[in-house]
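Report on the structure given below.
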Amino acid sequence: MSASLNKVILIGNLTADPELKYTSSGTARTRFRIAINRQYKDSSGQLQEDPTFVPIIAWGNQAENCANYLSKGRQVAVEGRLRIYSFENKEGERVYATEVVAQSVQFLGGAAQSNTEPETVPPPSEQPTDQTEDEEVPF
């Protein structure tokens with residue numbers, strides 16, 4: 001059997017303040033979305049932007065740090081893994097969703113940045129792999 005790899009590295013800006021919640025067992029979970037803008041010139045030479053919005057989920061201490069120090073507009077670098085799952089919506093239809101489960105989050109730029117080195121939030125020592133407790137529809 002061949003090996004496989006599930007790794008995502010993104011740099012973008014938060015589209016809203018992070019949302020911190022706790023599972024019934026007390027594990028912190030923070031969700032936020034980042035916008036990644038691709039710029040290109042169209043056929044008439046005009047500069048265009050093509051934004052992509054990516055939901056991010058962080059767990060444990062990292063989730064609490066993200067909720068405490070990040071806010072709308074802040075630039076971050078996220079390294080993690082892609083997670084695709086499905087659920088039934090209120091109309092009974094099967095819906096597929098994609099998110100990035102963060103393994104590390106670096107805070108880049110912004111008002112809270114006082115030095116030239118990016119601030120790194122280390123990943124928690126034990127991060128749940130696929131948390132299902134208190135799972136809810138993302139965003």
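No value in this document is a laboratory result; all are computed from the given coordinates. Keep in mind that what you see is a predicted model, and the values were worked out from it rather than measured. Here the Cβ positions follow ideal geometry from the backbone for every residue, glycine too, while neighbour counts run over all protein chains shown.
For Ile84, Ile34, which order do you get if you count the other beta carbons within 10 Å of each Cβ and list the fewest first?
Numbers: Ile84 8, Ile34 22.
Listing Ile84, Ile34 from fewest to most nearby Cβ atoms yields Ile84, Ile34.
Between beta-carbons, use under 11 Å as the cut-off and find the net charge around Ala67, counting Lys and Arg +1, Asp and Glu -1. Don't skip to the answer; put the middle values down first.
On the way: positive: Lys21, Arg29, Arg31; negative: Asp17, Glu19, Glu64.
Once positives and negatives cancel, what remains is 0.
If the cut-off is 23 Å between C-alpha atoms, which lysines fall inside it for Lys90, apart from same-chain ones fewer than 8 positions away?
In chain and number order, the partners are Lys21.
Give the residue list of trypsin sites (Lys or Arg not before Pro) in segment 37-94 that are DSSP loop and have at most 14 other beta-carbon atoms within 10 angstrom. Before the final figure, lay out each step's value.
Numbers: sites: Arg38, Lys41, Lys72, Arg74, Arg81, Arg83, Lys90, Arg94; in loops: Lys72, Arg74, Lys90.
When the trypsin sites (Lys or Arg not before Pro) of segment 37-94 are filtered for loop state and at most 14 Cβ neighbours within 10 Å, Lys72, Lys90 remain.
Across all directions of projection, what mean area in square nanometres is found for the Cα convex hull of segment 8-121? Don't jump to the answer; show the numbers that get you there.
Working: hull surface 39.6 nm².
Projected area, direction-averaged: 9.9 nm².
Let's test the formula: R0 of 30 Å, r as the Cβ-Cβ distance of Leu20 and Arg94. What FRET efficiency results, to the nearest 0.05? Please list the in-between numbers first.
Values: r = 29 Å, r/R0 = 0.96.
In this case the efficiency is close to 0.55.
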